[in-house]
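Quick note: the coordinates plus some simple rules give every number you see, no bench work behind them. No experiment lies behind these values; they were computed from the predicted model shown. FYI the Cβ positions are ideal-geometry reconstructions off the backbone, even for glycines, and counts take in every protein chain you see.
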Ligand code: MTE
């Protein structure tokens, strides 16, 4: 497969890059910077490639990705989820879709994902505690799922909830957060082609500690927005409550865009520590919107990002 680099991003991967599974150029990837959708036939091939969303950084190993996690329902230590999450039952799995949608209901995972175009995207995943990994996610665009269930006019936000299973999740005995874990996106953020519902890593199904069987990935936001093991998706009019914002509104806002210029009250967010490089690995400068500035900055035009952090 021909590989053409376009600045930092490419959307055409080879087996040597990461993994055999590479499905590309579904209709939403063929978008211009202005957001206008074009048919594949109308598009110069170079332009389509230049719109790719994957990073060309070397991905972390499957072992690193699946053993250094935050999933507080299974404990607050980075190795707790890998040690404890095998108790989570992921089959059967039901996702309730409700609120301002045409076809609300309790969807089995198979029904929810039926008809979605799966592809692989390699994103840098940036956590608020200033560490980062590069992860080859497998999944589909949240926008496709929203189209499938039919978003009604009046919906302005999408709210998400994680399963709450005290019998299977040792961490929810502790009131670290107000369970169930909740997150939310503005509808235009949710519809952005970078936002995916991930169901796997490399060529493997999603490990439980990474949020099996289905989780969100929003690569220009801090990791905590990417909620795991989703059981409810609600289309709502008002900005929904989110777990970290409820726990500490001074430290965690609704938007949580990666922004090296806005420090967390207790630490700088200007640099990050890449996981996997050993303890002497050099810190990297964190990029605005995690490197996706040209793709997402327009969503926040006119907003003060130090107010809306
Ligand atoms: N989702 C749930 N349900 N519970 C959590 O504790 N932690 C978040 C996010 N999603 C979390 C969650 C945080 S803080 C991060 S950094 C990412 O998951 C980590 O995702 P990863 O383990 O796939 O790297």
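I need a count of the residues in segment 106-139 that are away from the ligand (no atom under 11 Å from the Cβ), assigned to a strand (DSSP E or B) and over 14 Å from residue 291 (Cβ atoms).
The qualifying residues number 8.
Which residue pairs have Cβ atoms under 9 Å apart, sit 6 or more places apart or on different chains, and have a first residue in segment 66-78 that is in contact (Cβ under 8 Å) with a residue 60 or more places away in the chain and a second that is assigned to a helix (DSSP H, G or I) and within 6 Å of the ligand (Cβ to nearest atom)?
66/210; 69/210; 70/223; 70/224; 71/210
May I ask you to verify whether residue 175 is farther than 16 Å from residue 137 by Cβ and more than 9 Å from the ligand (Cβ to nearest atom)?
Details: farther than 16 Å from residue 137 by Cβ: yes; more than 9 Å from the ligand (Cβ to nearest atom): yes.
Against the criterion (farther than 16 Å from residue 137 by Cβ and more than 9 Å from the ligand (Cβ to nearest atom)), residue 175 qualifies.
Condition test on residue 103, is it assigned to a loop (DSSP other than H, G, I, E, B) and under 16 Å from residue 232 (Cα atoms)? Quick ask: steps written out before the conclusion?
On the way: assigned to a loop (DSSP other than H, G, I, E, B): yes; under 16 Å from residue 232 (Cα atoms): yes.
Considered against the rule, which asks whether it is assigned to a loop (DSSP other than H, G, I, E, B) and under 16 Å from residue 232 (Cα atoms), residue 103 comes out as yes.
Name the single residue that is nearest to the ligand (Cβ to nearest atom) among those in segment 227-263 being assigned to a helix (DSSP H, G or I) and farther than 21 Å from residue 299 by Cβ.
It comes out as 243.
Of everything in segment 201-216 that's in contact with a helix residue (DSSP H, G or I) (Cβ under 9 Å, 6 or more places away or on another chain) and part of a strand (DSSP E or B), which residue is surrounded by the fewest Cβ atoms within 10 Å (Cβ to Cβ)?
204
Among the numbered conditions (1) more than 11 Å from the chain's Cα centre (by Cα); (2) within 13 Å of the ligand (Cβ to nearest atom); (3) more than 25 Å from residue 277 (Cα to Cα), tell me where residue 216 comes up short.
(1)
For the structure I just gave you, tell me whether residue 222 is within 14 Å of the ligand (Cβ to nearest atom) and crowded, with 21+ Cβ neighbours inside 10 Å. Break it down into steps so the answer makes sense when it comes.
Details: within 14 Å of the ligand (Cβ to nearest atom): yes; crowded, with 21+ Cβ neighbours inside 10 Å: yes.
It is true that residue 222 is within 14 Å of the ligand (Cβ to nearest atom) and crowded, with 21+ Cβ neighbours inside 10 Å.
Just the residues that are closer than 17 Å to residue 162 by Cα and more than 10 Å from the ligand (Cβ to nearest atom), please, taken from segment 201-211. Quick ask: steps written out before the conclusion?
First, the residues of segment 201-211 that are closer than 17 Å to residue 162 by Cα: 206-211.
Passing the criteria: only 208.
List every residue pair whose Cβ atoms sit under 6 Å apart, with the two residues 6 or more apart in sequence or on different chains, where the first one lies in segment 187-214 and is touching a residue at least 12 places away in the same chain (Cβ under 8 Å) and within 18 Å of residue 159 (Cβ to Cβ) and the second, anywhere, is within 16 Å of the ligand (Cβ to nearest atom) and part of a helix (DSSP H, G or I).
From segment 187-214, the pairs are 190/142; 195/142; 197/142.
Looking only at residues that are in a loop (DSSP other than H, G, I, E, B) and without any contact (Cβ under 8 Å) to a residue 24 or more places away in the chain in segment 79-98, which one is nearest to the ligand (Cβ to nearest atom)? First the steps, then the outcome.
Within segment 79-98, the subset in a loop (DSSP other than H, G, I, E, B) is 79, 88-93.
Now drop any that are not without any contact (Cβ under 8 Å) to a residue 24 or more places away in the chain, which leaves 79, 92.
Numbers: 79: 11, 92: 19 Å.
For segment 79-98, the residue satisfying everything is 79.
Output the number of the condition that residue 190 fails; it satisfies all remaining conditions of (1) more than 8 Å from the ligand (Cβ to nearest atom); (2) outside any helix (DSSP H, G or I); (3) under 13 Å from the mean Cα position of the chain (by Cα).
Residue 190 satisfies every listed condition except (2).
Failed condition for residue 164, given (1) within 14 Å of the ligand (Cβ to nearest atom); (2) surrounded by 19 or more Cβ atoms within 10 Å (Cβ to Cβ), with all others met?
(2)
Among the residues of segment 147-160, is there at least one that is farther than 30 Å from residue 263 by Cα and within 17 Å of the chain's Cα centre (by Cα)?
Filtering segment 147-160 down to residues farther than 30 Å from residue 263 by Cα leaves 147-155.
Checking which are within 17 Å of the chain's Cα centre (by Cα) leaves us with none.
Checking segment 147-160: not a single residue is farther than 30 Å from residue 263 by Cα and within 17 Å of the chain's Cα centre (by Cα).
Collect the residues in segment 280-305 that are touching a strand residue (DSSP E or B) at 6+ places or on another chain (Cβ under 9 Å) and more than 15 Å from residue 221 (Cα to Cα), keeping them in residue-number order.
281, 282, 283, 284, 285
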